[in-house]
Amino acid sequence: CSLGLLASNRLVEVDRSGLVAGYVGQSALKTRAVIESALGGVLFIDEAYALTVGDSESDFGREVVDTLLKAMEDHRGELVVIVAGYTGPMQEFIQSNAGLRSRFNHRIVFDDYSAQELVDIFVVCAREADYILDDAARAPLLRAFEELYDAGATTSNGRFVRNIFERSIEVQAARLSATDTAPQMDMNVLLGVDVLQALQEVQA
């Protein structure tokens, strides 16, 4: 929009559930309505590969793809469409249809977060929830993330960290409830024992 390529800065975000309906013909209508709401701006389809995972006649994701491809041709210059998802499934999605291959020919690959970035994300999650990561817990958490990263076990790792953080809160609460006297100052502090136990449980 700021470059003058689009009429507005409108962004419409949707996934499979917002496009696929339960009966023949309804998915096309649903998809056209979403496309019309995004005209002049950007249509962002998250986890787009979910549209082509089903091959049965009762799966209407293909109907969505056909409708989308026609709309991209009919509204060329009026709409930017971005499809996003994990690298492997997205490659299969693009290769599943010649129209997708020809229209989605600009690709951006985002690297997984590094081990240090994972710690930083954990700290941000804690801060936003009014928790503090104990300084002594950072080094063991970083080492654990480094080992997982090197092993290729942190795919979708932003969500992975959030899951660990949420489990850490539960572990910390259980630890404090088992203590007769829990100082008030410790109520919002996550210790190394909390995060490392959470890591083990999330990976189990």
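The values are calculated or read from the model by the stated rules, or taken from the named source; none is laboratory data. Everything numeric in this text was worked out from a predicted model, so none of it was measured. For neighbour counting, all protein chains shown are included, and Cβ atoms are generated from backbone atoms with ideal geometry for every residue, glycine included. Each accessible area value is taken on the protein alone, full model and side chains, heavy atoms only, with ligands, DNA and RNA left out. Shrake-Rupley method; radii C 1.70, N 1.55, O 1.52, S 1.80 Å.
What number of residues within the stretch 185-204 are assigned to a helix (DSSP H, G or I), modelled with pLDDT of 75 or more and open to solvent by 70 Å² or more (accessible area, probe 1.4 Å)? Result for the stretch 185-204: 5.
For residues that are in contact with a helix residue (DSSP H, G or I) (Cβ under 8 Å, 6 or more places away or on another chain) and assigned to a loop (DSSP other than H, G, I, E, B), scanning just the stretch 26-55, find the one that is most open to solvent (accessible area, probe 1.4 Å). For the stretch 26-55, the residue satisfying everything is VAL53.
Pull up the stretch 68-108, narrow it to residues that are surrounded by fewer than 16 Cβ atoms within 10 Å (Cβ to Cβ) and polar (S, T, N, Q), then point me to the one that is nearest to GLU47 (Cα to Cα). Filtering the stretch 68-108 for residues that are surrounded by fewer than 16 Cβ atoms within 10 Å (Cβ to Cβ) and polar (S, T, N, Q), the one nearest to GLU47 (Cα to Cα) comes out as THR87.
If you go through the stretch 1-25 one residue at a time, how many are under 23 Å from the mean Cα position of the chain (by Cα) and not in a helix (DSSP H, G or I)? Of the residues in that region, 10 qualify.
In the stretch 1-24, the qualifying residues are those that are touching a helix residue (DSSP H, G or I) at 6+ places or on another chain (Cβ under 8 Å) and more than 18 Å from ILE82 (Cβ to Cβ), and the one that is surrounded by the fewest Cβ atoms within 10 Å (Cβ to Cβ) is VAL24. Listed by first and then second residue, the pairs linking a residue in the stretch 15-41 that is on the phi > 0 side of the Ramachandran plot to a residue that is part of a helix (DSSP H, G or I) and not β-branched (Val, Ile, Thr), with Cβ atoms under 6 Å apart and 6 or more places separating them unless they lie on different chains, form an empty list.
Any chance the stretch 162-184 includes a residue that's of a type in the set (D, E, K, R), more than 30 Å from GLY88 (Cα to Cα) and either in contact with a Phe, Trp or Tyr (Cβ under 6 Å, 6 or more places away or on another chain) or not in a loop (DSSP other than H, G, I, E, B) (or both)? Within the stretch 162-184 (the criterion being of a type in the set (D, E, K, R), more than 30 Å from GLY88 (Cα to Cα) and either in contact with a Phe, Trp or Tyr (Cβ under 6 Å, 6 or more places away or on another chain) or not in a loop (DSSP other than H, G, I, E, B) (or both)), the answer is yes, since at least one residue qualifies. Every condition in (1) open to solvent by 20 Å² or more (accessible area, probe 1.4 Å); (2) modelled with pLDDT of 90 or more; (3) outside any loop (DSSP other than H, G, I, E, B) is met by ARG62 except one, and the failing one is (2).
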